[in-house]
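*Asks:* Please see the structure below; I have some questions.
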Amino acid sequence: MIYGILLFAFLSFIFTSPKCRWLMSADQPLSLREERIGFMFGRYMRDAAVVMLLLWLLGTLRIPWVYGIAGGVFILRTLSFLIHMAQVFIND
């Protein structure tokens, strides 16, 4: 699980950091739409890393409802991400 946390944190850094955006498109600059999509995806990856880190840290408590709450929060965050992505695609 720690490798997933590190991967999601790294992807979040790549997609949200203005200095690292050249890794997504080295040959030409990104359009405004692509930048917005990349930034939203980076925030989504950050949230996924935080949820995974919390689950990893709270895994020793052996409380089953913690996983249910974390899953519910992550489902809501995923739906929010998809709604915002749809708005970007519709409005641009």
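*Asks:* The conditions are (1) more than 13 Å from the chain's Cα centre (by Cα); (2) over 18 Å from I2 (Cα atoms), and F41 fails exactly one of them. Which is it?
*Replies:* Every listed condition holds for F41 apart from (1).
*Asks:* Say we look at segment 3-20 and pick out the residues that are in contact with a helix residue (DSSP H, G or I) (Cβ under 7 Å, 6 or more places away or on another chain) and not aromatic (F, W, Y); which of these is nearest to G38 (Cα to Cα)?
*Replies:* Step by step, filter segment 3-20, then rank; the result is T16.
*Asks:* Next up: Being of a type in the set (F, W, Y) and either at pLDDT 80 or above or surrounded by 13 or more Cβ atoms within 10 Å (Cβ to Cβ) (or both) is the filter here; which residues of segment 1-58 pass it?
*Replies:* Applying the first criterion (of a type in the set (F, W, Y)) to segment 1-58 yields 3, 8, 10, 13, 15, 22, 39, 41, 44, 56.
Across segment 1-58, the qualifying residues are Y3, F8, F10, F13, F15, F39, F41, Y44, W56.
*Asks:* If a residue must be of a type in the set (S, T, Y), open to solvent by less than 100 Å² (accessible area, probe 1.4 Å) and more than 18 Å from F15 (Cα to Cα), how many such residues does segment 59-79 contain? Walk me through it before giving the result.
*Replies:* First pass over segment 59-79, keeping only residues of a type in the set (S, T, Y): 60, 67, 78.
Remaining after also requiring open to solvent by less than 100 Å² (accessible area, probe 1.4 Å): 78.
From what is left, the residues that are more than 18 Å from F15 (Cα to Cα) are none.
Of the residues in that region, 0 qualify.
The values are calculated or read from the model by the stated rules, or taken from the named source; none is laboratory data. Every value quoted in this text rests on a predicted model; they were computed, and no experiment measured them. Don't worry about glycine lacking a Cβ; one is built from the backbone with ideal geometry, like all the others, and counts go over all protein chains shown. Surface accessibility is based on the protein's heavy atoms, side chains included, excluding ligands, DNA and RNA. Shrake-Rupley method; radii C 1.70, N 1.55, O 1.52, S 1.80 Å.
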